[in-house]
Ligand code: OAD
């Protein structure tokens, strides 16, 4: 049983309709706009693509993606940290510097604006850059942690200040263990509370926007299917096809920084 009573077979918006140069609010399907206007609960699942227009690299885009240039097995696993903690620490310090100089873009801002318009809203992000908070989103569910935070590798306590020696990884002032970024590495569990909150949002939302994610990394990638089984309309916003595209009710082919503000403006 559908929660919103909107048909699933509405037509898709194509890349041509949604060119970067002249986005038009009139290109959206009326049923999509009606579904968003009447939704009591909208969820958004975001990935690295929403921060691309802020100058932050995605992971899997050919050439520019981080995993096209760096080996995640050497940088983003507990065993990599055990083998070469300094390399891992420095790589995250480098990414942290990029994040500090990046600014939220129109896509982040549009989601914060959408949150203010609906009775209930959940922003679920795989991103660790904190740009949603800086754009005004109230309490994003961070599935993969936050790169701006550092924690003790033994106790898990978040540490506000540390001194970084030149040739070594900084240590926890309390227990002496090495500090590490507060992000989820491959082979690690997602934070339990965040995953439970994301699961709850997927089950209860009327519409889920899936923005800028390749939908390849689980368990985050399972959330749209869960939402759909629970009756939500799925809207993908991504310039490229993903494994999710075929199952989405609406596919908006374009950059998040263009599509999202236009979509939110179309709700007026
Ligand atoms: P990916 O790099 O896998 O996918 C980025 C997606 O963003 C691709 O589908 C692009 O087509 C799309 N994209 C690029 N530019 C865009 C734009 N301007 N607007 C909208 N979409 C755009 O990134 P994620 O799906 O976030 O995990 O990757 C998931 C996880 O894999 C990350 O959280 C990270 C990584 O390994 C951990 O580090 C644990």
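Miscellaneous remarks
- Most fluctuating residue given options 106, 197, 44, as computed from a GNM of the chain linking Cα atoms under 10 Å: 197
- Using the Cα coordinates of the chain, the gyration tensor eigenvalues translate into equivalent-ellipsoid semi-axes of 35, 19, 16 Å, sorted from longest to shortest.
- Fraction of antiparallel bridges per DSSP, the chain only, in percent to nearest 5: 25 percent
- Neighbour-count ranking [beta-carbon atoms within 10 angstrom, fewest first] of 155, 53, 115, 142: 155, 53, 115, 142
- Of all the options 143, 32, 179, the one that moves most in a Gaussian network model of the chain with Cα springs shorter than 10 angstrom is 179.
- The order of 205, 152, 175, going from fewest to most other C-beta atoms within 10 Å of their C-beta, is 175, 152, 205.
- Computed over region 110-228, Kirkwood Rh from alpha-carbon pairs, angstrom: 16.0 Å
- Taking the number of Cβ atoms within 10 Å of each Cβ as an exposure proxy, the fewest-first ranking of 144, 132, 108, 174 is 174, 144, 132, 108.
- Calculated [θ] (222 nm, deg cm²/dmol) that DSSP helices of n ≥ 4 give over the chain, each run adding -39,500 (n - 2.57): -9000 deg cm²/dmol
- Whether region 172-268 is rounded, prolate or oblate, judged on the alpha carbon gyration tensor where a/c under 1.5 counts as rounded: prolate
- Gap separating the Cα centres of region 95-130 and region 146-170, nearest whole Å: 24 Å
- Bins of 10 Å from zero: percent of alpha-carbon pairs in region 41-132: 15, 39, 29, 13, 3
- Highest GNM mean-square fluctuation among 133, 193, 63, for the chain modelled with Cα contacts below 10 Å: 63.
None of the figures in this text is laboratory data; all of them are computed from the coordinates on show. No experiment lies behind these values; they were computed from the predicted model shown. Heads up, the Cβs are rebuilt from the backbone with ideal geometry, glycines too, and the neighbour counts pull from every protein chain shown.
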